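Participant: Here you go, one structure.
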Amino acid sequence: MNAPPSRLNPETPAGSLLWPDAPVATRLVRRLAVLYAAAVLGLLGLASWPPAGFRASLVAGIAIGALLLPLAGLLATWPIAAARVAAQAMPGPAEAPRHRVHHWLRRLPVPRARMDAAARLAWLARRPQGVIVPLLCGLSVVVLWLLPPSAGGVAAGGIPLGIAAIVLTFPLLVAERVMAATPQSRLPEAAGLQALLFVPVIVIPLAGVAELAGALHVAAAAPATMLLRGFLVLVAAELALRALANWFLPPPQPAAARAAVGSVSALLLQPRRLAPDGLAAPIRDHLGLDFSRSWALRFARGAAVPIALVMALLGWALTGVSLIDLDRRGVYERLGAPVAVWAPGLHVGLPWPLGRVRLVDFGIIHALPLGGDSATQPPVAAEAAPPPAVDRLWDSPHPAEVSYIIASRETSGGQSFQTVSLDLRVLFRVGMDDAAAMRAAYAVAEPEALVRSEAGRLLARDFAGTVLEDALAADRGSLADALRGKLQAALDRLDSGVEVVGVVIEAIHPPAGAAAAYHNVQAAEIIANTEIATERGRALATAAMARQEATSLVSIAQGGAADIVANAKVAQRGFTADREAARAGGAAFLLERYLANLTQALARSPLVIVDHRLGGTDAPVIDLRSFAAPGSAPTPDD
């Protein structure tokens, strides 16, 4: 593609290297380099000015990165073009230099022994290329990385920026056309530079269109900018690798010295430049393989178009073949109207867009938590500690729970409200019949969102008329069955085609933040009830002991009174009997009573018998007299 000029001969001495149009080409490259450098600096200045909003636009990084690529090619070509001018002006290595470019070239870090034009061209084609081109290409990649499209959308002035990007492309198009009109005899790198100059001409307007689409909130704007940035990174990587490869290649001949500006990736924007002869030329020159004479390649090239058409037609026809999995059903649309529900298996219909299949679930049961966390927990070993997301303790919040406002019992302060947390899962599926599949395919866009909203609405209405104590003490099975029936009725009224398989209520409890306070209230109530029961038991025991003591005292008093009455009755009967006996017996009864009393008295007292008939000199004398102490008063017994 870069054919060497026919007027140069690498065997001729340096003084005979003639480049008649080299000064014109050098001036063109220098002016274009200044133009693109000014454009890059201007855009970088706008990007560093936050009020302009240019940094947050979709055009910013793409425009700067696209302009850096041709700037790298121009700066790499400039020294070689200047060296060609010096080679034309130098009469020979032994003569004194007479051109001002030669004075500039003499200051380059080249050994003095190789100050001739051939050595300079060979050195400039290897060393500076490996520094200038990778540096600017790396800067382009960095800019593309540091100035990406904003995550929150485009800048406020998206439409003006998009229009400006499209309008300002015309000067770049003029520069590209000027380079395209430059013959290779004047500038051997003209073809490669023209391809690099064509990159911003195409990429920047596309970025402007993406900016307009982003301002209009088109969803395809962000993917389009990502493709443009990826293409620029590909071109920059290819240029950098080609320039670095020159460090490891042998020095070229002076006539073949070229700047590293060729890029196959850049030529993708110009398909006409990718002719088979042009692609085969480097292979023929470097490897000696000439594919232009291969009949197989000529046959393949001639048959490529018919085969491609046949394959495209066959591929389009195969779009009418549908393979439906075992857990799916397909609603077949013919010319936009649903005509049948296909069971799992292989089916043939009209190709797209004449025929279309909408897939619907077939028997898949979805477990939908009423909260926001619908992720399935990974399996846990039997002996492993359970993850925090599966516990059911009240004092820790769970992602799948949802809270509702619930009434509290009326107190002296008036009616108040409380909150209750509910861990509930709804098991649902698409109905098994064809009519349910039709309704699910066309009546509901998101079944999960519909089921969650209806279940939440029903629970909010039910909890509005329930107090917290009743909700905590309610039967979960009955509550789940009632909610399932109401939810199914609501979904049937909407013709959703969704069947509620079951409702699972795993927990109903106060919120996690109020769990400790609720436990304290419950503990205080339990302690109060326990103390009340203890005091009631103690009072009952005291009352029982008092009743027992009173009953004992009453019984003792009643027994004593009965004894007294009985003794009195006995005394009365004895007195009556004695009176009757005294009346009947007279003195005999009195003597008998006297003797009886005397017998009883003598039986309890010591007995001393005194008889005057007892004799003896030593008879005992019993003195029954008593004497008072001196000075004491005499007793009546004295």
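Participant: Stokes-Einstein D for the range 522-585 at 37 °C, 0.692 mPa s, Kirkwood Rh over Cα pairs, in µm²/s? All intermediate terms of the calculation are to be shown ahead of the outcome.
Facilitator: Values: Rh = 16.5 Å.
For these conditions, the coefficient is 199 µm²/s.
Participant: Going highest first, how would you order 241-251, 22-32 by mean Cβ packing within 10 Å?
Facilitator: Numbers: 241-251: 14.0, 22-32: 19.6.
Top to bottom by mean Cβ count within 10 Å: 22-32, 241-251.
Participant: Please arrange Tyr442, Tyr594 by counting, for each residue, the other beta carbons lying within 10 Å of its beta carbon, fewest first.
Facilitator: So the residues, fewest neighbours to most, are Tyr594, Tyr442.
Participant: State to the nearest 20 debye the size of the charge dipole of the range 522-585 about its Cα centre, where the only charges are +1 on K and R beta carbons and -1 on D and E beta carbons. Let's see the in-between values first.
Facilitator: Values: 7 positive and 7 negative charges, 95 e Å.
Dipole magnitude for the range 522-585 comes out near 460 debye.
Participant: Moving on to the next point. Most exposed first by the Cβ proxy, i.e. fewest other Cβ within 10 Å, how do Glu506, Glu176 rank? Don't skip to the end; give the middle numbers.
Facilitator: Numbers: Glu506 15, Glu176 23.
Ascending Cβ contact count within 10 Å gives the list Glu506, Glu176.
Participant: Moving to a separate point now. First select every other residue whose beta carbon is under 12 angstrom from the beta carbon of Ala577; then total the charges, Lys and Arg +1, Asp and Glu -1. Could the numbers behind the result be given before it?
Facilitator: Details: positive: Arg573, Arg579, Arg583, Arg593; negative: Asp578, Glu580.
Taking every other residue near Ala577 into account, the sum is +2.
Participant: Hey, what D do you get for the range 294-362 in µm²/s if you plug the Kirkwood alpha-carbon radius into Stokes-Einstein at 37 °C and 0.692 mPa s? List each step's numbers first, then the result.
Facilitator: Values: Rh = 13.9 Å.
It comes out at roughly 236 µm²/s.
Participant: Also: Quick one: order Val199, Val451, Val504 by neighbouring beta-carbon count within 10 Å, fewest to most.
Facilitator: Taking fewest neighbouring Cβ atoms as first place, the list is Val504, Val451, Val199.
Participant: Now for a different question. How high is the relative contact order of the range 294-362, in percent, counting Cα pairs under 8 Å that sit 6 or more residues apart? Walk me through the numbers before you get to the answer.
Facilitator: Details: 102 pairs, mean separation 22.6, N = 69.
Dividing the mean separation by the residue count of the range 294-362 yields 33 percent.
Bear in mind these aren't lab numbers, they're just calculated from the coordinates by the rules spelled out. Not measured: the values here are computed from a predicted model. We place every Cβ from the backbone using ideal geometry, glycine too, and count neighbours over all the protein chains shown.
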